[in-house]
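The structure under discussion appears below in the form of structure tokens.
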Amino acid sequence: MKSAAEFVTSPTLDRRNFLAASAGAALLFALGGLPRTSQAAAAHILPPLPYADNALEPVISANTMGFHYGKHHKGYVDNLNRLIAGTEFADLSLEKIIAGTAGQADKTALFNNAAQTWNHTFYWRSLKPNGGGEPPAMLKQKIEASFGSVDGLKKELATAATSQFGSGWAWLVLDGDKLKVVKTGNAELPLTKGVKPLLTIDVWEHAYYLDYQNRRVDYVNAVLDKLINWGFAADNLGS
Ligand code: MN
């Protein structure tokens, strides 16, 4: 793996130019689906959405996606790249930046932007057009063991999502060999608590306000019934 220094051909090339020069290479890595760790020293990139911006309609509008992905998610990635420039975090993977800044009062901005970059990429993959329905068999079995039924899990997720005070996230996680539902505030995520995230629902107001205004419960139930990507959760369970 090349270091940043090897990529930079001129000592006078500043980071902004370096980022522009490396954007093409970073995009190729992203399209190839390689994990971020394989492109250390390049800028963190905004991964392409796994579907068209209108593919989740009518549950989530293209208008919401335009702001949520194109402004909010992009903003976190841009802030992350600005905040790590020239620091000891510049060449680290997203996960290592999150682990290295969690719970540190003087690194809150960097943690927030790194974690929100990670959370949103995970959220887009937690949804899919024509989602919902029955989980794959092995996941379903585990859901029934922990929550009684798929409906039982959906109720717990909806309760976590609607009872999260203010901004945050509802998650299905694997804790040991048991499935659990947890909620986190703001940019917080289960990765820093030693449990494995399987899927998430964004309950920041920007995720639903254009389409549902204050009706968070309607957004959450529609996501659970029509968009939730059980296959993604099953893949995470097995990986
Ligand atoms: Mn969001």
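The values are calculated or read from the model by the stated rules, or taken from the named source; none is laboratory data. Source: prediction; values computed, not measured. Glycine also receives a Cβ, built like all others from the backbone with ideal geometry; neighbour counts cover every protein chain displayed. Accessible surface is based on the protein model in full, side chains and every heavy atom, while ligands, DNA and RNA are left aside. Shrake-Rupley method; radii C 1.70, N 1.55, O 1.52, S 1.80 Å.
Some values worked out for this structure:
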| quantity | calculated |
| --- | --- |
| 1.4 Å probe accessible area per residue over region 81-127, in Å² | 42 |
| Bins of 10 Å, starting at 0 and running to the largest distance - Cα pair percent for region 41-145 | 14, 37, 25, 21, 3 |
| Links that overshoot a 18 Å alpha carbon limit, given the list Lys196/Lys226; Lys128/Lys183; Lys71/Lys226; Lys155/Lys183 | Lys196/Lys226; Lys128/Lys183; Lys71/Lys226 |
| In nm, spacing of pseudo-spin labels at Ala85 and Val217 (7 Å Cα→C-beta vector) | 4.7 |
| Residues whose placed amide H lies under 5 Å from that of Gly132, excluding near-sequence neighbours | Leu227, Ile228, Asn229, Trp230 |
| Per residue value of the accessible surface for region 137-238 (all protein chains in place, 1.4 Å probe), Å² | 44 |
| Apportionment of accessible area to carbon and sulfur, region 137-238, percent (1.4 Å) | 50 |
| Qualifying aspartates and glutamates (Cα of each under 12 Å from Cα of Lys140; at least 8 residues distant if same chain) | Asp151 |
| Where labels lie 7 Å past Cα in the beta-carbon direction, separation of Lys196 and Glu95 in nm | 1.1 |
